[in-house]
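Asker: Got a structure here, written out as structure tokens. Questions coming.
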Amino acid sequence: MRQDTGFEQCMKCSICTVYCPMMEVNPAFPGPKQAGPDGERYRLKDPLFFDKALKYCLNCKRCEVACPSGVKIGDIIQTATATYGKSVPGLRDRMLANTDLVGRAASAFAPVVNPVVASRPAKALMDCTLGIDHRRTFPAYSSERFDVWFRKHAESGQTRHKDCVTYFHGCYVNYNFPQLGKDLVRILNAAGYGVKLLEKEKCCGVPLISNGLHKAAARNAKINLASIRLSGTTVLTTSSSCTLAIRDSYPEELGIGNSDIRENVILATRFLFENVESGRIKLSFRDDYHARIAYHTPCHLQKLGWNIYSVRMLEMIPGVELVRLDQQCCGIAGTFGFKKENYEHSQKIGEKLFSLIRDAAPDFVATDCETCKWQIEMSAGVRVLSPISVIAEALDFEKTTILNKHQSK
Amino acid sequence: MRYDTIILGGGLSALVCGISLQEKGLKCLIVSSGQSALHFFSGSFELISTGGSQREAMDNLPDGHPYRKIGLDRVMELSKSVPEFFARAGYALSGEYDRNHVENTILGSQKQVWLTVGSEGDPPVRGRLPISPLGVKMQMDLRKRFETLGGDYLMGDRAVRGEFREGRLSSIFTENHGSSPFAADKFVMATGSFFSKGLVSTPSGICEPVLHLDVDFCPDREDWYGMGFFDNQPYMRFGVACSDRLEAVRNGEILPNVYVAGSLIGGADPIKEGCGAGVAIISALYVAGQILEESL
Ligand SMILES: Cc1cc2nc3c(=O)[nH]c(=O)nc-3n(C[C@H](O)[C@H](O)[C@H](O)COP(=O)(O)OP(=O)(O)OC[C@H]3O[C@@H](n4cnc5c(N)ncnc54)[C@H](O)[C@@H]3O)c2cc1C
Ligand code: SF4
Ligand code: SF4
């Protein structure tokens, strides 16, 4: 499973240690340099050098972004945890990791599950039996899954457009928040693009990898890659973590090659921006839309470097006053912050971001990651929207459709 | 994506140049593959440390030194504007722009320096070696200032190649953005020296790996290193070739819309002359001045 992580490239400058949010709040965590390239040298000599404290790594990749030598520190740590950290994930970790399975079940019983999960007794029960912190707000499940809605209400109309893109919706859109997917389909249709879904879509694997379930993640990766190849189109995403997983974690952490399709998987805001910039599509925004928006860059989007596309799309909307928040980790790191033992660290890491948001006093926050959204909504008390949903709120669909008429058959 | 100016690099030179341009309203992009030499900043900038009066010390600089290209009087003029520049970014610098003062180093010796963060005589701010908390803070603060002024900063992304049209650089491509080009009217190369991989050593010589700019170096490898530790180290002076206006040269031709700034420029020996930060800051201000002149 070991990939080329470039750990011999480390020149021991310690720059990575300055940018690690976990190191700042948790003295038990050895930090990226020691847990990553330094530790790897020892572990290669004797696996007994494996340090259990590596589990505290958020896999936020901020260390990698800062490293001047291109060492894939996060990958080294994740791979070490998978290789040497023999502990079998317990029920709680498997539940949090299997977003597909749990989501499917929960969606089916959403009206019952939502109030129960939100109730005090259930939270207390989950806290002491499962170790899911009772202070967490659980994202609500939707009663109609996105893929079900799409097949029922949207699919048949998609072929009237000349060009077609595929949408990788991810678990969050499918089980918790189908509205985001609906927003994207509406925008793309108005811009003259038809949308299809993958023949078979599985959870991208991020929660599986971070809970040590690499085999399950690899199974999903293979199914997703096969479907992406089959689709033969550009594949759009609305979640930065799904995007990073498909593009980088598959080859780097799971050892599954994707170089033939890697460039085709892109965030929807990047796709829209590039189409607008090239003049291929035209967007017309309502003139009565006004909002003061604070944009938060998720760690995984910073790693991709694509936050500029989301920012540019938001700036394109005439009535938007945009505050670009200084890039700070929100602290949740996917399923990490849901675990009882991590709750305090998670909130402490996020505090910098929460106070930046409070200072910016926006109408709402925009960001491209669903777990950042949960964390910010719960901890900073502000509504959080995906840039795609903001575009959908501000777009004049009628005018946009007319402007892009020539794209339809 | 289109910008007025795109700066490759992300260290002191790139940030000073980017901030100067954004202050005047040009839309800039900085592409930085990782953190920079600023993380090891001692707390004092050096302009030239070989003598008492800086202007006089400069008279002894060899031909081809970046200060000579810029013009020694112009260097002093730009030097005068540096304290103001940092004050706008929230940093009070002590010391005179045209005279060195003496600083105690962490090693206990004394050193001639130009401008110091905080007030003179403060003990040097240093945490655990080798990272300097002050340098880290300055890197973050300058980046924040650049972004607050409206600039885009791509952190952890490497510029990999350029596209040329009619003798000019038209766009660059980066690792993270694959086939999506970044286009601009002007470009500044501030990718640093060997330490930051702005220059790399290959079997056929020294090369600048992004745009393949011409590099000045002695062709004979035997001449690269001085014998003793304190001897001249000729390789320190290696760097990309450029005109007196600091325009880059490629295949022997001047690239009229690509400037070079910082330690990537050849001709200086920052250790011997004590001019590392000086070259980074002064060349950045000089290049920004020219870009502004041409754009307004
Ligand atoms: C270890 C060290 C300590 C120093 N301490 C001091 C001091 O205390 N006082 C002083 O006066 N001078 C000091 N100097 C000298 C001087 O400060 C530096 O030379 C100066 O900061 C150089 O700035 P720069 O911007 O030219 O280059 P750098 O700081 O080297 O920055 C270059 C940047 O370019 C990026 N880069 C490289 N290639 C690419 C690419 N292909 N795409 C995108 N980005 C790329 C790098 O990641 C880096 O961020 C020091 C120098 C070093 C090396
Ligand atoms: S930043 Fe990179 S090179 Fe420096 S210590 Fe960390 S891993 Fe090593
Ligand atoms: S991935 Fe994040 S938490 Fe893990 S070592 Fe790197 S910076 Fe720290």
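Asker: Output yes when any residue across the stretch B:111-121 is at pLDDT 90 or above, more than 12 Å from ligand 1 (Cβ to nearest atom) and more than 25 Å from A:C10 (Cα to Cα), and no when none is.
Answerer: Looking for residues that are at pLDDT 90 or above, more than 12 Å from ligand 1 (Cβ to nearest atom) and more than 25 Å from A:C10 (Cα to Cα), one finds none in the stretch B:111-121, hence no.
Asker: Continuing with this model, one more query. Quick one: A:A333 ticks every box in (1) open to solvent by 10 Å² or more (accessible area, probe 1.4 Å); (2) farther than 25 Å from A:A245 by Cα except a single one, so which number is it?
Answerer: Answer for A:A333: the failing condition is (2).
Asker: Right, next: Outside the structural domain of A:M23 (by TED's automatic domain parsing) and more than 30 Å from A:K282 (Cβ to Cβ): does that describe A:R358? Spell out how you get there, then give the answer.
Answerer: Working: outside the structural domain of A:M23 (by TED's automatic domain parsing): yes; more than 30 Å from A:K282 (Cβ to Cβ): yes.
Judged against the criteria, A:R358 is a match.
Asker: Tell me, which residue of the stretch A:50-71 that is within 16 Å of ligand 1 (Cβ to nearest atom) and over 24 Å from A:G350 (Cα atoms) is modelled with the highest pLDDT?
Answerer: First, the residues of the stretch A:50-71 that are within 16 Å of ligand 1 (Cβ to nearest atom): A:62-71.
Narrowing the set further to residues that are over 24 Å from A:G350 (Cα atoms) leaves A:68-71.
Details: A:P68: 79, A:S69: 82, A:G70: 84, A:V71: 91.
Checked the stretch A:50-71; the qualifying residue modelled with the highest pLDDT is A:V71.
So that you can scan it fast, the table gives a plain yes or no per residue for (1) open to solvent by less than 10 Å² (accessible area, probe 1.4 Å); (2) within 14 Å of another protein chain (Cβ to nearest Cβ):
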| residue | (1), (2) |
| --- | --- |
| B:D4 | no, no |
| B:G18 | yes, no |
| B:S32 | yes, yes |
| B:P66 | yes, no |
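Asker: Now, a different point. Within 10 Å of another protein chain (Cβ to nearest Cβ) and among the aliphatic types (A, V, I, L, M), is that true of A:V320? Spell out the reasoning first.
Answerer: On the way: within 10 Å of another protein chain (Cβ to nearest Cβ): no; among the aliphatic types (A, V, I, L, M): yes.
Spelling it out, it is not the case that A:V320 is within 10 Å of another protein chain (Cβ to nearest Cβ) and among the aliphatic types (A, V, I, L, M).
Asker: Now for a different question. Report, by residue number, each residue of the stretch A:336-389 that is open to solvent by 40 Å² or more (accessible area, probe 1.4 Å) and under 25 Å from A:Y175 (Cα atoms).
Answerer: A:K340, A:W374, A:E377, A:M378, A:G381, A:R383
Asker: With the requirement that a residue be outside any helix (DSSP H, G or I) and of a type in the set (V, I, T), what does the stretch A:363-405 give you? Reasoning before the result, please.
Answerer: Taking the stretch A:363-405 and keeping what is outside any helix (DSSP H, G or I), we get A:363-369, A:381-386, A:395-396, A:404.
Those that are outside any helix (DSSP H, G or I) and of a type in the set (V, I, T): A:V365, A:T367, A:V382, A:V384.
Asker: Evaluate the stretch A:287-298: report whether one residue or more is within 16 Å of ligand 3 (Cβ to nearest atom) and closer than 21 Å to A:I388 by Cα. Let's see the steps before the verdict.
Answerer: The first filter runs over the stretch A:287-298 and keeps only residues within 16 Å of ligand 3 (Cβ to nearest atom), leaving A:297-298.
Restricting the remaining residues to those that are closer than 21 Å to A:I388 by Cα gives A:297-298.
Scanning the stretch A:287-298, I find at least one residue that is within 16 Å of ligand 3 (Cβ to nearest atom) and closer than 21 Å to A:I388 by Cα, so the answer is yes.
Asker: Within the stretch A:1-49, which helices (runs of 4 or more DSSP H) (wholly inside it) include 2 or more residues that are open to solvent by 20 Å² or more (accessible area, probe 1.4 Å) and more than 16 Å from ligand 1 (Cβ to nearest atom)?
Answerer: Values: elements: A:15-18, A:21-25, A:39-45.
Counting at least 2 such residues, we get A:21-25, A:39-45.
Asker: Restricting attention to the stretch A:54-85, which residues are hydroxyl-bearing (S, T, Y), part of a helix (DSSP H, G or I) and farther than 17 Å from A:I332 by Cα? Walk me through how you get there before you give the answer.
Answerer: We begin by selecting, within the stretch A:54-85, every residue hydroxyl-bearing (S, T, Y); these are A:56, A:69, A:79, A:81, A:83-84.
If we keep only those that are part of a helix (DSSP H, G or I) too, we end up with A:56, A:79, A:81, A:83-84.
Across the stretch A:54-85, the qualifying residues are A:T79, A:T81, A:T83, A:Y84.
Asker: Still on this structure, please answer the following. Quick check on A:M11: is it within 13 Å of chain B (Cβ to nearest Cβ) and either away from ligand 2 (no atom under 11 Å from the Cβ) or touching a helix residue (DSSP H, G or I) at 6+ places or on another chain (Cβ under 7 Å) (or both)? Walk me through it before giving the result.
Answerer: On the way: within 13 Å of chain B (Cβ to nearest Cβ): yes; either away from ligand 2 (no atom under 11 Å from the Cβ) or touching a helix residue (DSSP H, G or I) at 6+ places or on another chain (Cβ under 7 Å) (or both): no.
No; evaluated as a whole, the condition is false for this residue.
Asker: Follow-up. Which residue pairs have Cβ atoms closer than 8 Å, lie 6 or more positions apart in sequence or on different chains, and pair a first residue in the stretch A:267-281 that is under 11 Å from A:I391 (Cβ atoms) with a second residue that is acidic (D, E)?
Answerer: Partner pairs satisfying both residue conditions: A:T269/A:D368.
The values are calculated or read from the model by the stated rules, or taken from the named source; none is laboratory data. None of these values were measured; they are calculated from a predicted model. Here the Cβ is made from the backbone with ideal geometry for all residues, glycine too, and neighbour counts use every protein chain on show. SASA here: full protein model, heavy atoms, side chains in, ligands and nucleic acids out. Shrake-Rupley method; radii C 1.70, N 1.55, O 1.52, S 1.80 Å.
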